[in-house]
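Asks: First the structure, then my questions, so here it is.
Readers should treat all values here as calculations from the given coordinates under stated rules, not as data from a laboratory. None of the values given here were measured: they were computed from a predicted structure. Note: ideal-geometry Cβ built from the backbone for every residue, glycine included; neighbour counts use all protein chains shown.
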Number of protein chains: 2
Amino acid sequence: MAPDTGGHGDPTRMRAAPARGLSRRASFLLVQLGTHRHRRFAERLAPLDLHPRHFGMLSQLAENEGQSQQALSSALGIHRSAVVALVDDLEHRGLAERRRDPADRRAYTLYVSPVGRELLAELDRAADEDEAELLTALDVSERSKLISLLQRVAESQGLTAGVHPNLKPGEGDDHTTHGKPRHARTRRTSR
Amino acid sequence: MAPDTGGHGDPTRMRAAPARGLSRRASFLLVQLGTHRHRRFAERLAPLDLHPRHFGMLSQLAENEGQSQQALSSALGIHRSAVVALVDDLEHRGLAERRRDPADRRAYTLYVSPVGRELLAELDRAADEDEAELLTALDVSERSKLISLLQRVAESQGLTAGVHPNLKPGEGDDHTTHGKPRHARTRRTSR
DNA sequence: TATTGTTATACTCTATAACTATA
DNA sequence: TATAGTTATAGAGTATAACAATA
C-alpha cells in the first residue's frame, strides 16, 4: 500500500461525541485502518528483511503451486514486470524456485521451497500476533462479527474471488488502458 | 494510498468454505478493503480533477480554520514539504487561501474559501454515495454495527485522536528518524 | 539557535513499451 | 501473430536536506 495521506482526510481532535467528522464513515475507517495495518505489518517484517508483498506472494504461491508468473501476476493484481523482481527476491533467498514449464518453454512454474514453507509458517504466526494486536479492543464474538461483516462487504465488492483491487475487471495485462486520465497538478509558478 | 499489492497477499480462488486463506484475517480484509475504497474514491474524484488527498485536506481545513501549514502537516500526517504543493493546488483553484499570520510572519494561516465550502459539501455527498455503494450488502443495523466496531478498533490503535497512521508517536517532523532500515532488495544479476 | 515555508534531490513503487524466446 | 518473461524507462508519491526569512 502506498499509504496515501488522506483516505478521506483525518478526524482530528475529538471534542465530545465519539463519532465525529470523517471517522463516522466506514470508507474512511477502512482506509485509515488498512493503511495503519499495512504499516505495522511492514514494520514487523522489516527485521526479517521482508515486505508484506513477499508474504502475499509466498502465501499465494503456497496455495497454488506450479503457477506461472503470469498467473501469479493476475492473482496478486500486480503487473507481470513487477513480479519478476519479487520472484527474484524469493528465489535468491532460497524461499521459492523457478522451474521451466516442460509444456511451454517460455513459461516458468513456481514452487515454494521447504525453507520457504518454514518461513511462511513463521510469518503466519506473525500475522496472527498482528491480528491479536489489532483486535485487543474486541471480545471474541465481536471479533468474529467484525470479520464476517468485512468478508461480506469484501465479497459484495468483488474482492474475494481472486481479483485483487488493483485489477479492474477486463484489465488483465497490457494492451488494456491502464492510462487513466491523470490528475493535473497545479504546479507552483512563482512567489 | 500507494496501494501496494499485497497487504498480506491475496485470497485467490474460493473453493468451498467462505472464510478461506488470508481473508479470514481482519488485517488482510482491512488492507484489501482500504485499498479498494481509496481507489474507488479516487476514481470518483478524478473527473473533478481532484485526489482524495485534496478532500482530506479541505475537510481538515474546514474543521480547523486558521491553521498553519505546519499544523496541517501533523494533522494529516504528511510532511511539511508535501503540504506546500497540496495547498498550492487548493489555492490556485480558489478553494483555499493563504494569509500571513500577523503574529508570526514566517507562517501562513489557512482558510477555506466560499467556493471551497461549496465544493466540500459536494464532495461530502460523493463520499456518502461512495459509502452507500460500499455497504449495499449490509442492512441498516449491520452497517452501524460495523462502523462502531471499526471505530473502537481504530480508537484502540490510537487512530482517532488526530494522529494519522503516517505519524508514529514522537515523529512530528524532521530531525526524527524517518529513515527506517530499508529492505535490501535482491537485485537480479544475470540469467 | 530554532522554526516556517520552500525548493531540489533521491528513492520507492508502479506503468509502459520494447525486446527475446518461444508458441 | 500472440504470449511468457525480461529489461529499461518514465511517472507519481514521499522523504531528506538545505536554504531564506523570521522568531
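Asks: List, shortest first and in nm to one decimal, how far the label point of A:Glu43 (7 Å from Cα along Cα→Cβ) is from its counterparts in the other copies.
Replies: Output for A:Glu43: 3.3 nm, nearest copy listed first.
Asks: Another question about this same structure. Per residue of A:87-96, how many C-beta atoms from partner chains lie within 10 Å of its own C-beta, taken as a mean?
Replies: Working: counts 1, 6, 6, 1, 2, 5, 1, 0, 0, 0.
What the average comes to for A:87-96 is 2.
Asks: Ordered shortest first, which distances in nm separate the 7 Å Cα→C-beta label point of B:Ala126 from those of the other copies?
Replies: 3.8
Asks: Related question: Report the calculated FRET efficiency for B:Ser81 and B:Ala121 (r = Cβ-Cβ distance, R0 = 45 Å), to the nearest 0.05. Don't skip to the end; give the middle numbers.
Replies: Details: r = 30 Å, r/R0 = 0.67.
Computed FRET efficiency for B:Ser81 and B:Ala121: 0.90.
Asks: Mind listing the phi-derived Karplus ³J(HN,Hα) values for the range B:60-72, rounded to whole Hz, using 6.51, -1.76 and 1.60 with θ = phi - 60°, and x for any glycine or proline?
Replies: In residue order, the calculated couplings are 4, 5, 5, 7, 8, 6, x, 5, 7, 5, 4, 5, 4 Hz.
Asks: Mind listing the long-range amide H neighbours of B:Ser113? Cut-off is under 5 Å, sequence gap 5 or more, other chains count too, H placed in the peptide plane at 1.01 Å from N.
Replies: Amide H neighbours of B:Ser113: B:Ala96, B:Glu97.
Asks: What are the label-to-label distances in nm, one decimal and shortest first, from B:Gly158 to the same spot in the other copies, with labels 7 Å along Cα to Cβ?
Replies: Nearest to farthest, the other copies are at 3.9 nm.
Asks: Using a simple charge model, +1 on the beta-carbon of Lys and Arg, -1 on the beta-carbon of Asp and Glu, nothing else, what dipole does the range A:28-134 show about its Cα centre, in debye to the nearest 20?
Replies: On the way: 14 positive and 18 negative charges, 103 e Å.
Dipole magnitude for the range A:28-134 comes out near 500 debye.
Asks: Counting only other chains, what is the mean number of Cβ atoms within 10 angstrom of the Cβ of each residue in peptide A:38-46?
Replies: Details: counts 13, 4, 4, 5, 4, 2, 0, 1, 4.
Average neighbour count from other chains, rounded to a whole number: 4.
Asks: Right, next: Within 10 Å of each Cβ in peptide B:124-134, how many partner chain Cβ atoms are there on average? Round it to a whole number, please.
Replies: Numbers: counts 3, 0, 0, 6, 2, 0, 5, 6, 1, 3, 7.
That works out to 3 on average.
Asks: What ranking, highest mean first, results for peptides B:41-54, B:134-147 when packing means the other Cβ atoms within 10 Å averaged over each residue?
Replies: Working: B:41-54: 18.7, B:134-147: 15.8.
Put in order of decreasing packing, that is B:41-54, B:134-147.
Asks: Oh, and also: Amide H to amide H, which residues 5 or more places from A:Tyr108 or on other chains are under 5 Å from it, using H placed in the peptide plane?
Replies: A:Gln69, A:Asp101
Asks: Specify the inter-centroid distance of the range B:42-73 and the range B:122-147, based on alpha-carbon positions, in whole Å.
Replies: The range B:42-73 and the range B:122-147 have Cα centres separated by 21 Å.
Asks: Dimensions of the range A:28-134 along principal axes (Cα, Å, largest first)?
Replies: Dimensions of the range A:28-134 along the principal axes of its Cα atoms: 46, 30, 20 Å.
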